[in-house]
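J.: Can you read through this structure? Questions will come right after.
The values are calculated or read from the model by the stated rules, or taken from the named source; none is laboratory data. Just so you know, these numbers come straight off a predicted model, no measurement behind them. Glycine also receives a Cβ, built like all others from the backbone with ideal geometry; neighbour counts cover every protein chain displayed. Each accessible area value is taken on the protein alone, full model and side chains, heavy atoms only, with ligands, DNA and RNA left out. Shrake-Rupley method; radii C 1.70, N 1.55, O 1.52, S 1.80 Å.
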Amino acid sequence: MLKISAHVIWCTYTAGMHEWITSLLTTFSLPEYGLSAVFVMSFISATLVPIGAEPIMFGLLKVSPELFWPTILIATLGNTLGGAFGWWTGHVAHKLRDKITHRETSGHDARILHWLHSFGPKACLLSWLPVVGDPMCILAGWIRLPFWPCVAYMCIGKFARYVVFLAGLLTVFPAHWVIGH
């Protein structure tokens, strides 16, 4: 009877998992796949799904630093379209709520919505912020702020964030930390 220890099984499993993750990251870091992965992840990260595109962007730029501006532009486009989708979701949800019920907004909710409304589309400059940025896009649609100005401000904020964040990361972390030389 063959006895295999739990340690041997675990080492085999983790070695296989490490190999799979390494091959996946290598594939996504290739320029022909990397930019599409950046687009998809940046779109998803602009929704309420708690995931970020920055690790993929950082990995791609460490392997292909010449793709800095294309990566920034693709990520900005994906993240802005994700924010626009959030705006549209909030807008449609409000229309549906109006059709189904004629419920009044609570006092606390009304203060938050009034605050957002007082800033107008410029509030969408802050759509890049963690935790509050994605719901802010949805609320902008909910209170029917104008779509195109909101999208323009989302785009400006998200572009600035990616430039500052990625330029900072690339200057702080040397290439050999990621590539393993």
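J.: Considering only residues that are of a type outside the set (A, V, I, L, M) and closer than 18 Å to Leu96 by Cα, look in the stretch 136-146 and name the one that is most open to solvent (accessible area, probe 1.4 Å).
T.: Arg144
J.: Looking at (1) more than 30 Å from Thr171 (Cβ to Cβ); (2) without any contact (Cβ under 8 Å) to a residue 24 or more places away in the chain, which is the only condition Pro55 fails?
T.: Condition (1) is where Pro55 drops out.
J.: Which residues, counting only those in the stretch 154-181, are aliphatic (A, V, I, L, M), over 18 Å from Leu77 (Cβ atoms) and at pLDDT 75 or above?
T.: Ala167, Leu169, Leu170, Val172
J.: Follow-up. Please tell me if Asp98 is in a helix (DSSP H, G or I) and free of Cβ contacts under 8 Å to residues at least 24 places away in the same chain.
T.: In short, yes.
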